[in-house]
Every structure is written in structure tokens, then in C-alpha cells.
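J.: Please find one structure pasted underneath; my questions will follow.
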Amino acid sequence: MSAGGPTRPVESPRMPSHDVLVIGAGLAGQRAALAAASAGATVGIVSKVHPVRSHSVAAAGGINAALNPEDSWESHAFDTVKGSDYLGDQDAIEIMCREAPDEILYLEHIGVTFHRNETGHLGTRAFGGASQARTYYVADITGQAILHVLYEQLMKHHERLERYEEWFTTDLLRDEHGHCSGAICRNLRDGRLQVFDAKSVILASGGAGQAFKPTTNGLIVTGDGIAQAYRIGAKLMDMEMVQYHPTTLAENGFLITEGARGEGAWLLNAAGERFMEKYAPNKLDLASRDVVSRAEQTEINEGRGFPDGTVALDITKVPRKRTLEALREIVNIGRDFAGVDITREPIHIRPGMHYIMGGVKTDSFGQTNIPGLYAAGEVACVSVHGGNRLGANSLLDTLIFGRRSGEHAAARAKTMPMPTTPASKLADVEANIAAIISRPAGGRRIAAIKEELGTTMNRYCAVFRDAEGLAKAHEIVRRLKQEAPLAAIDDRGSVFNQDVIAAIELGYMLDVAEAILVGAQERKESRGAQFRTDFPKRNDDEWLKHIDIVVNGGDVPQVEYSPVTITRWQPEERTY
Amino acid sequence: MPDYTLRIRRFNPESGDAAHWEDHTVEMQSHSSVLEAILEVKAKVDGSIGIRCSCRAAICGSCGVRINGRPGLACNTHLSEAAARGAEGEPITVEPMGNMPVIKDLIVDMDAVHWKKIRRVTPWLINREPVPEREYIVPHENMVDVTQSMACIQCGACVSDCLSMEVDPFFIGPAALAKAYRFVGDPRDAEPYERLKDLSEDEHGIYDCTHCFNCIDACPKGVAPMSQIMRLRRIAGTDYEIEDRNNGHRHEQAFVKNIKRNGILHEADLLPDSYGGKLHPRAAPELIESMPTVIKAMARGKVTPAKALLHQHKAPAEVKQIFKTIEGRPKRDELNLYVTGVEDAEERGALEHASGNGEPTPPSAVAAAPPKPAPPAPAAGKPPAPAPAAGKPPAPAAAKPPAPPAPPPAPAADKSPTFPAPERLESPPADSANTESESE
């Protein structure tokens, strides 16, 4: 590392040690940190952005729970199992759906401003793939509202929760017993690297949407945690399952919440036909996301879409007053980013990359195959979403498994001595970063490599896939992996060197993209979000199993299989 | 595609050089955002340009900057709109937000200012007891109402251009006070009175706002922070009858009384009225202190004794009618973005798509009367006793000294508070704009 910034601190670079270190401060990370602190652990929470910038902020529509007396957790669980195309692990799904009502009440009690019904009780809206209206919401800023309220709690409990805001994690650490013993992070503010020792580490750093272009995901969603865990030997699971959201803006891929259809909006093709009648005669526009996205893409591919490769979402079906009260955010998005008043005219949309169901394989306490390393939220794969996540189940996943990870990690920490990390590890990372910063000019630009990665993934690994396209994409990704370490950077400084961060993130995205492609090539059937035009049928006999991907110290992904846990719902044909 | 030239304010604290402007020309669609243009420059020309950004869709609040002098988000400012703000052919200037120290290029230190102010307002719910087993039963209207301040994405645009904060860096400021309304307006909060008392008594609190509307213009989410501050004032002054030691509430009432009586502002009455009237003991020291100003004004002919003492203008019938209409309403109308009387708005055409110039509809124009019930009125007009109850969450309100008796007339010459100031209101350290101390 170069001379260092003017704010280079004098204190020991090995200061922070915590019972529980949480990496990522979106919903899963903040919930995990609060749970661990409540359980008596000392907690550090590290995030490469200020916590309220985390991408959970963009979750719009709501959060599912069977809280109404007429509803039941079993019904919620069945909808989730069916939504997952039977790839979800039913034990984990049962836990999530059973614990959901209490989690909603917890959120309500700490201050989330859930909208009410006419009697002043918590109000619900309908959502895709659900047999009941069980989605609790705050207008269409549900993620933002919950994220900001959790952050209020982090501020309230600051004596027990150290926040490290704008610290970028570069590496996870394993001790001589193979346990995860902390992380090395870089303070973006001054470029300082620091070892964080911890008895338990909870990864909660989100998905990897930026490996695709376009995507609904923010620029920070670069697969950091998935790649960091993968590199130290954690198993990844269900990586081929990439969700394309049915309603994203044509031009820039921005999200139009499923809440719009939940409130009554229709999908129409260019001829004005409500095409979902053909594909999902019962649930229509509120079928599972994979089903709706495939239907849209079929309409578009068969020439019934608009010339710009889209279909239309007609929100004028929703009473205008209701739209302005409950869908305010997409009114703004329509106005600011598409020049459309959605209360007056349909808006053009198409399926766009939104979420990865896969991630670091965990059990229902968030434990990975590496002792001491937990994962929760989009970075993890429990697997509650299987082949396809239901709308409004992701917030629930982050909170339930964030809390469970936090509690379990705190309990584990009680039995452990504080690990200490040899200074050589820090020196290695310092040398790596110094090497990036001093790369000679001449390679491709990082942004160019990232662009090629994103468009490749979106072209070959989207709603419809086949062996040929996936192989081609894999070949391109392998080439990009060769090119990435040569990519030159412009910024040689220490203070907010976003260039060096982008170089590291590019490496993470490439690792994740390769794992996705390996999984997608491996799964020779169509299930959930994975639709193989060369294997268009679901094949339970051969493929009712998870694909796990692991690199055992090397660089070549190895494929393993693990069984799907079935408790009470045997696979059936899936229609909506 | 047209060419746009960005003139970006660069500052690298490690270089030893002063901040400077740097021009970059990009070829982009006119409806592309300023952020997209900056990212294009970063991608193709200079990766060292510092800007925080993530969602690109005006929800994460990272990319607050000043564009052609106006604060806002780079991601939801179109290039064409930004260019139209300046003279024909002039570059689009992009610089860091104001009122906060610059760390590098377009990145400012939000923690040093914005987040400290947020922490100042006890930014978490203090639960009304007993906490129900299930959810609190509260009117839908209240939850929709506080959604407007919940919609704040903490981007700092309002803080950037707050004029009061420029003059008084300790002013709690628009974003934090909007956040305070989110709790005061939440029926589940146990301590709205304590919050309001605290924010009224703080000389950098709700009465420090000067109604400049900058925050309303700046806010990309229609939170209208100034409107939230005015609501805090109305609830504090009118509903809870909090008479603050800064004379903020009396000063506001003096304006209203003045206009009601005269139709126009009669400044000679304004000051004594703000202290309870010419004959009130509180007014005398104020009047004496302001004598030099009065004498100067007389010497320059700006005011005559006759004008000052014998004000003849009387309010015309139209003004009286306005007062009659407003005061005759059964409940107070509040402006709120989410609570829309669609029909009203339709009449005004306020929701029509921006007329040609791409300007977002100002939130106040979209707003209409919400069906918001008045906040719980204190019994018999008496403010509830702000007794710090034991067993409550560790909120500053609980650590606050008991409310003092009516503040003694404080001569403005003597700025040392005669009121026992809460601990956290002590003079902030001279080296920062910190208004509070979360001991981190």
C-alpha cells in the first residue's frame, strides 16, 4: 500500500474484536446484529456503504406473513413450496412461515409504519403466487421503511453495537482449525486495512445482481459475500436459479413493484390482450414470477409485444387515489425515468434480472459448512426460495434467518475464545491491494469488462437458456477472468479509492457468474427460474436435488449434489 | 445523441491542491441522468472521480450533489433539465453538497453533520405502554400521514441548502426535524409532548427555521421538511400550548395577530407582541436592547414616531374573511403528499405531468387536505406532565431535567440560558457542526 492518507491512524491495526462480526448492513445484517446484541454478544457491523444505502432499501411491495386468523402458516408454506417449484427445503420453509407473524409484530413494535386497514389493524395487499392477501406493507417503500427503522434501533443500541460504516470487506479469515475467525476490511475513508477478529462471522452482504446488465439491483450489489465465502471453501447452492422480475422498465431495468399487480394492475400485450389468461388462467397477473416472466418473454419473442421489446403494465386499473397513496414510488419512477404518468397510461415493461435464489449454502440457523461462518439474506441459500422466490418473501427471509443467525452466532461465541490473527494475513492483503493500485496502464478498463460480463449473462443466462448459449457465456466469463487482473485503474490514492474497490468487486462478480453458469449447465431440466429450451420439462426423477458448487482450494468449480428436504408436500404439477 | 459538458468540482485531500473544476464532455441521451453521465466519465476516462451511488433510482439516497447550484440527486436529474438551468451552451456544474465538509470530489462527510443531527432527535419510537400483544390499533390515516416523513431517504439535499443552518450550524435542520415529526405524528409514540418541548426549548430547534422553502425545493422525495417543521410548531404551540423560552411560539403568534389586526405587517408591534405585549415585563429589556436599531432607523427616515406608535392601517375585509374561513374549520388542514384529495388535485391539474420543462410537480401542489385527526389533545388544554417515568426506554427525554416553571424574562443581551439546559444541549465542540453527542 502506498504512503497512506493524511488521516492514517496511529493505533494498532488489530484493535477491533467482537463476539459476532456482521458483514453487510441491509435487513439481514441489521436484524442479525440486533439479535446477537440482544443475546448478550458484543457486535460489530461492517458495511461498505452507510447502512441505509443497502439495497434492501429498494424492496418495495411488502413482507409476507400469515398473521390474519383466517390465514395459516401452512398455507403460506405451501404457496412458498409451490412457488419454489419444489426445490425449496420444506423444513426451512416451515420455520420461516411459522415465525413470520411474530417477526411482523416485532417490526410493528419497534416502529415500522405498516399501513392499516379500515379498523386500524395491520393492512394487507395481494401478491404473486399467494393464495391469500398476506403481504404487509408501507406504501411501496416497505424495504426502506423497515431498513430505516432497524437503523433507528442500531442507533438506539449503540453501546452494544459498533457500527463500521463505509468499510469494505476484502477477505474472510480462517484460523488453523479451519474456523472462520474474522475478516479484513478497508476503511474507505482513509484506505486503512484492519483485521476484525471475531468468534462468529455473519455474512449478510446481499446478492450479485450487478453481474447482469440490466438489473434492478443497485451498483453495490456485486456478490462480495458469496465470492468471499466461496473462495475460503464454503459451498454455494441453487446458483442457477436467477429471478427475472416480470415488471422492470425497458430502458434502464428499474423495478416496478409487484404491488402494482397486487393492487389490481393488468399486463397487456401490444394488441391490448390480457395475455396472462392463456398462461395462468386462475392467478392471471399474480402467478409466480417465473411463470409471468416466461409468459411475457414468450409474447415478446412471438411478436406480440411492442417494437421496443416490451409488453405493457396497465396501472390505470387501480383507482387513482389508491395509486397515489400506496404506489407513490412507482408514480415517481414512471414520471422521472420513463416520462409516463402511470395513473393515466400503461407503462412499457419487460422481465429483468432481480434476485438470485442461490447463495452460500446454510442450515436453518444460518450455519455454512465452515465452522463459525454464517450467512443470511440474499447472500445465503437456506433454501427457502428453491427455484423461484415469491414476491414479499425476500424481506421475510432476511429478517427470519438474520435473527436466527444472530442468535445462534451469539450462543456459539459464548463457548469460544477470541481468535487472534497472525499479522502476516494483513500483510498479504496489503500487498494484494498495493499490486492492484500499482498495475501498469494498458489493460482493458474495469467498466468495459463489467459491461461485457453483464450483457453476456443477460443474453445467455436469462429467462430462456440452452446448452449452447450457456457454454458460450461460460467461455466468455473464463476469458474475462483472465483479463480482469490486468485491468488498469486510475486512482492511486487512499481516500475513497472507488477504483480499487471496483477492481476487487469485478473479481467477485466473475466468480459468482461462473458458479451461476456451471449450475445452469449442470441442471438439465426446467424448474422455477431455470428454463432450458433444450430440456423444457421438469424432471423430478433426476433433478429433484440441489446443485452445490465448491472450489476446493483451486480455481475450478466442482459440482456436488444434495437432497431436497420434503416434509409434507410431495411434488405436484405446478399450475396457476 | 447530444453532447453535454459536465464541469465537476474535484478535490483530492491527498494531493495538497485546492479544489478545482474539471470539464468532461459526454455524448448521451437527453433524458439520461447526471449520474449516468458521471458514471460514463468514470468508466471511460477517469475512474478516480469520487461519488457515492448505488440504486440509480432515487431510493438509496447516496448521490446527493449540487447541480447548477441546486441540491438534489444526480440519478433523478435529467441532463436536459440540468442543462436548462444554466445559460445556453454552458456546462452543467456538479459540485458537492453544502453545509457539510467535503471528503473527496463529490463525497461529503454526512456523519459529521447530517447523521449527528438525526441522532439529536431521539430517532426511535418510544413505545406507548402497554405494548400490545399484537399490533397497536391506530387509524390508517395516521400511518399514511407519517409515511411522508418516512419517505425521507436521508440524502442530505435539504441539509445542503438550509439557510438557517448556514447561519447557525447548530440548527437541528430540516431532515432531522422531519424525522422528529415521524415520531410526533405516530400515535404509538409515548412522548410526543417531551419531544416537542425539547425541540421548542432548544434555541437551535423548530423555531430556528426561517421559512425559506429551500428544503422543500431540494427534497427529491416530496418530504417537504419545512412543512413538517411547521406542523411540529402547530402541534407544540397550539395543541400542547408549549411556550418556549426562545419566544418562538409567541413570535409566530405575534405575526398572526399583527396581520389579523392590520392586514400588513406593523413591525413596531411585532417585537413587543412577541414578548407578550408592550406592557409585559418580558418586553422591556427587548425594547431597550433594540433601541439602537430604532434610533438608526429614525435617523435614516425609515420610521417616524408617528408611524411607529399610531399605526392606522386596518385589515381589509378579505383578510378578515381568510382568518374567518381558516379559523372556522372544524379541524386543521395539513398538507401531505400521500394523503391526497385526488378530486381537489384534479381540479387544480396539479397531478398532470410536468408541463414541458421536465420539472417535477412540487409536492405542495399535489397535496391536499388529509383526513388527519388532530393529535391527542391534552386534557383540558393542559399539557400532560412530562414526568420522566421509570422503566421507559433509555431515551434522552427520560434523562431530561423536569420541565421548569415558566421561564423568567430572559434579556436577550444575556445569552446564557436561565433554563436548565438538558445535557446534550450544552455548547457543541467548536471544531464541528455537531449538535449532539452519541458517544461513539
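The values are calculated or read from the model by the stated rules, or taken from the named source; none is laboratory data. Being a predicted model, the structure only gives us computed values, none of them experimental. Neighbour counts run over all protein chains shown; Cβ positions are idealised from the backbone, glycine included.
J.: Could you count how many residues in segment A:90-149 are acidic (Asp, Glu) and free of Cβ contacts under 8 Å to residues at least 40 places away in the same chain?
T.: 3
J.: Among helices (runs of 4 or more DSSP H) lying entirely in segment B:234-300, which contain 1 or more residues that are of a type in the set (Ser, Thr, Tyr)?
T.: By residue number, B:267-274, B:283-299.
J.: What's the total number of residues in segment B:146-178 that are closer than 19 Å to A:Leu147 by Cα, more than 7 Å from chain A (Cβ to nearest Cβ) and either surrounded by fewer than 18 Cβ atoms within 10 Å (Cβ to Cβ) or modelled with pLDDT under 95 (or both)?
T.: Adding up the residues that qualify gives 2.
J.: Now for a separate question. In this structure, does B:Ala57 turn out to be modelled with pLDDT under 95, more than 23 Å from the chain's Cα centre (by Cα) and closer than 24 Å to A:Ala208 by Cα?
T.: Spelling it out, B:Ala57 is indeed modelled with pLDDT under 95, more than 23 Å from the chain's Cα centre (by Cα) and closer than 24 Å to A:Ala208 by Cα.
J.: Among the residues that make up segment A:253-270, is at least one of them surrounded by fewer than 24 Cβ atoms within 10 Å (Cβ to Cβ), under 25 Å from A:Gly454 (Cα atoms) and not assigned by TED's automatic domain parsing to the domain that holds A:Val429?
T.: yes
J.: Here's a follow-up. Out of the residues in segment B:110-139 that are over 24 Å from B:Ala178 (Cα atoms) and among the charged types (D, E, K, R), which is farthest from the other protein chains (Cβ to nearest Cβ)?
T.: The extreme case among them is B:Glu129.
J.: Here's another thing I want to ask about it. Does segment A:233-244 contain any residue that is within 14 Å of another protein chain (Cβ to nearest Cβ) and either more than 26 Å from A:Ala529 (Cα to Cα) or not aromatic (Phe, Trp, Tyr) (or both)?
T.: No, every residue in segment A:233-244 fails to be within 14 Å of another protein chain (Cβ to nearest Cβ) and either more than 26 Å from A:Ala529 (Cα to Cα) or not aromatic (Phe, Trp, Tyr) (or both).
J.: Taking segment A:339-352 as the region of interest, how many residues are within 14 Å of another protein chain (Cβ to nearest Cβ) and under 17 Å from A:Phe464 (Cα atoms)?
T.: Here the count works out to 1.
J.: Considering each of A:Ala435, A:Ala488, A:Ala411, A:Ala484 in turn, give the residue that is of a type in the set (Gly, Ala, Ser) and under 30 Å from A:His76 (Cα atoms).
T.: Exactly one residue qualifies, and that residue is A:Ala411.
J.: Scan segment B:94-109 and tell me whether some residue there is over 26 Å from A:Phe337 (Cα atoms), within 7 Å of another protein chain (Cβ to nearest Cβ), at pLDDT 95 or above and in contact with a helix residue (DSSP H, G or I) (Cβ under 9 Å, 6 or more places away or on another chain).
T.: Checking segment B:94-109: not a single residue is over 26 Å from A:Phe337 (Cα atoms), within 7 Å of another protein chain (Cβ to nearest Cβ), at pLDDT 95 or above and in contact with a helix residue (DSSP H, G or I) (Cβ under 9 Å, 6 or more places away or on another chain).
J.: Conditions: (1) away from chain B (no Cβ under 13 Å); (2) buried (at least 22 other Cβ atoms within 10 Å of the Cβ); (3) not aromatic (Phe, Trp, Tyr). A:Glu74 meets all but one. Number of the miss?
T.: Condition not satisfied by A:Glu74: (2).
J.: Filter segment A:556-576 down to the residues that are in contact (Cβ under 8 Å) with a residue 12 or more places away in the chain and under 24 Å from the mean Cα position of the chain (by Cα), then identify the one that is nearest to A:Asn388 (Cα to Cα).
T.: For segment A:556-576, the residue satisfying everything is A:Val564.
For (1) hydrophobic (A, V, I, L, M, F, W, C); (2) free of Cβ contacts under 8 Å to residues at least 24 places away in the same chain, each residue gets a yes or a no:
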{"position": "B:Glu252", "(1), (2)": "no, no"}
{"position": "B:Pro272", "(1), (2)": "no, yes"}
{"position": "B:Met298", "(1), (2)": "yes, yes"}
{"position": "B:Leu309", "(1), (2)": "yes, no"}
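J.: Right, here's the next one. Just name the residue that is surrounded by the most Cβ atoms within 10 Å (Cβ to Cβ) out of those in segment A:421-439 that are in a loop (DSSP other than H, G, I, E, B) and among the hydroxyl-bearing types (Ser, Thr, Tyr).
T.: Result: A:Thr421.
J.: Now, a different point. So if I check each of A:Ile549, A:Ile501, which one is under 22 Å from A:Gly359 (Cβ atoms) and within 14 Å of chain B (Cβ to nearest Cβ)?
T.: After ruling out the rest, the residue left standing is A:Ile501.
J.: Let me ask something additional. Being more than 17 Å from B:Ser30 (Cβ to Cβ) and over 23 Å from the mean Cα position of the chain (by Cα) is the filter here, so list the residues in segment B:88-112 that pass it.
T.: B:Thr93, B:Ile103, B:Lys104, B:Asp105, B:Leu106
J.: May I pose another question? Considering only residues that are in contact with a strand residue (DSSP E or B) (Cβ under 6 Å, 6 or more places away or on another chain) and assigned to a loop (DSSP other than H, G, I, E, B), which ones fall in segment A:25-71?
T.: Listed by number, the residues that qualify are A:Ala25, A:Ala41, A:Thr42, A:Lys48, A:His50, A:Gly62.
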